[in-house]
Amino acid sequence: MEPDKVVKTEEEVTQEMQAQQQAQQQQMQQQAQAQQQAAMQQAQQQAQLQQQQIQQQTQASIVIEKNKATLEEKQNISEDQRKLEMQERLELIKQGNVVEEPPNLAGKSVILQEEEMMMESRRARLRTEEGNQKQQEILQEQVQRQEQNQPQENREVPPQQGGQMPEDPTQAGPAQERLQGGPSAQDIQRREFAENAPQ
């Protein structure tokens, strides 16, 4: 064996070491890139979640502000109505007209009027539902009565043509016997031939 062919030279060893180092560096770079991509994706997801939360919060705050504004406006309207009513009553009292009934301040409230309207609509809906249920119960009772009366009517109906005996008197007897399990058609033919044969 030649030692030059069996033992590696220093150049070959250095080349292999460099190749291994390059491969390790490439693996490290790939791992680092994968970690960076995963971190970027997580950051993007977190940013999206934060944006969604911010949007939801802003929408909720807008709805709350709108509700507050509508309530304030309704309260202001009801207060204005009450002030006008009180001024009218004071003018009537100054003129000498005495109003015996106290002012119905609750009836002039816009919020209470809306609540009463909602209650009225709910009551009307319940009434319609109850009416529909009653109609369904009446229809079911009518159907049950008709079903109970149907068997009596079916008893009085005459039998259908398929169950009737033939009109021919000569064929009535053999057909009756066949229906009752009597002689066969061949026996009946033989008997008729014997009866009709010349003596």
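The numbers here are math on the coordinates, done by the rules we state, and not lab data. Fair warning: this is a prediction, and the values are worked out from it, not measured in the lab. No Cβ is skipped: glycine too gets one built from the backbone with ideal geometry, and neighbour counts run over all protein chains shown.
Numbers for the structure displayed
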{"read-out": "Spacing of the two label points (7 Å from each Cα toward its C-beta) at Ile64 and Ala39, in nm", "value": "3.7 nm"}
{"read-out": "Residue-span extension gain [Asn76 to Glu91] - 0.36 nm each, minus C-alpha spacing", "value": "3.1 nm"}
{"read-out": "Mean Cβ count within 10 Å, highest first, over the residues of peptides 77-86, 33-42", "value": "77-86, 33-42"}
{"read-out": "Arg125-Thr14 pseudo-label distance in nm [points 7 Å out on the Cα-to-Cβ vector]", "value": "9.0 nm"}
{"read-out": "Positive dipole terminus of the range 109-148, leading residue within Gln146, Met118, Gln135 (C-beta point charges)", "value": "Gln146"}
{"read-out": "Estimated distance in nm for a label pair at Met28 and Gln133, the labels positioned 7 Å out from Cα along Cα-to-Cβ", "value": "7.9 nm"}
